[in-house]
Amino acid sequence: MRRIATIGVYGFTAAAFVETLTGAGVALLLDLRQRRGVRGPEYSWANSARLQHALAAADIGYQHVKDLAPTTELRQLQYREDDRQGVGKRNRIALAPEYVEHYTREILDPFDLGALVAELPSHSVTALLCVERDPEACHRSLVAARLRAEHGLPVTDLRPG
């Protein structure tokens, strides 16, 4: 049976990230980031080429699904709400309602999740990746909720420590 996990970058080391994925039985990681890099040396392991190398060494597939990434304009909308609330991206605990509405209408609704699901490994876990530690603060939670609601896929959120 196909299953979905969500995972962020923040809070993990490279080794703990890969260990968490392998421990959860992840066979494929779907990168939902628009820009596949993370600023700063602490998370340089999550930059696309390094991440793909680490995943390959752990026998985990990788696919960039840019069409599910938020646009720059959507990210800016969320950043304005973060600023209004006085929280940084790494400390966000929830998505702005306006962001959720726009992401759903502009990105998620037009995307053919059925075609994506049909391509997923049938007897393993596929992980949805972005950077935020907590799925509630990230668009990957919206994708996961849609996969659960429309395709009956069980979802597990993988978190550091």
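Just a few scattered comments:
- Complete set of residues in the stretch 138-161 that are assigned to a helix (DSSP H, G or I) and of a type in the set (S, T, Y): S141
- Filtered residues of the stretch 59-99 (kept if surrounded by fewer than 17 Cβ atoms within 10 Å (Cβ to Cβ), under 21 Å from H151 (Cβ atoms) and aliphatic (A, V, I, L, M)): V65
- The condition of being crowded, with 17+ Cβ neighbours inside 10 Å, part of a helix (DSSP H, G or I) and in contact (Cβ under 8 Å) with a residue 60 or more places away in the chain does not hold for A127.
- Across the stretch 100-121, the number of residues qualifying as touching a strand residue (DSSP E or B) at 6+ places or on another chain (Cβ under 7 Å) and crowded, with 17+ Cβ neighbours inside 10 Å comes to 1.
- Residue in the stretch 5-26 that is part of a helix (DSSP H, G or I), surrounded by 13 or more Cβ atoms within 10 Å (Cβ to Cβ), modelled with pLDDT of 95 or more and in contact with a helix residue (DSSP H, G or I) (Cβ under 7 Å, 6 or more places away or on another chain) present: yes
- Residue check, A46 small (G, A, S), without any contact (Cβ under 8 Å) to a residue 24 or more places away in the chain and either loosely packed, with under 14 Cβ neighbours inside 10 Å or touching a Phe, Trp or Tyr at 6+ places or on another chain (Cβ under 9 Å) (or both): no
- Counted residues, the stretch 35-94 - those being outside any helix (DSSP H, G or I), under 18 Å from the mean Cα position of the chain (by Cα) and closer than 18 Å to A15 by Cβ: 4
- Top-ranked residue of the stretch 1-18 - restricted to ones that are under 15 Å from the mean Cα position of the chain (by Cα) and not β-branched (V, I, T), ranked as nearest to R148 (Cα to Cα): R3
Per-residue answers, yes or no, for (1) outside any helix (DSSP H, G or I); (2) of a type in the set (F, W, Y); (3) more than 16 Å from L28 (Cα to Cα):
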{"site": "Y99", "(1), (2), (3)": "no, yes, yes"}
{"site": "H102", "(1), (2), (3)": "no, no, yes"}
{"site": "R105", "(1), (2), (3)": "no, no, yes"}
{"site": "F111", "(1), (2), (3)": "yes, yes, yes"}
{"site": "A118", "(1), (2), (3)": "no, no, no"}
{"site": "H123", "(1), (2), (3)": "yes, no, no"}
{"site": "R133", "(1), (2), (3)": "yes, no, yes"}
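The values are calculated or read from the model by the stated rules, or taken from the named source; none is laboratory data. This one's a predicted model, so the numbers in the text were calculated from it and none came from an experiment. Cβ: placed from backbone, ideal geometry, glycine included. Neighbour counts: every protein chain shown.
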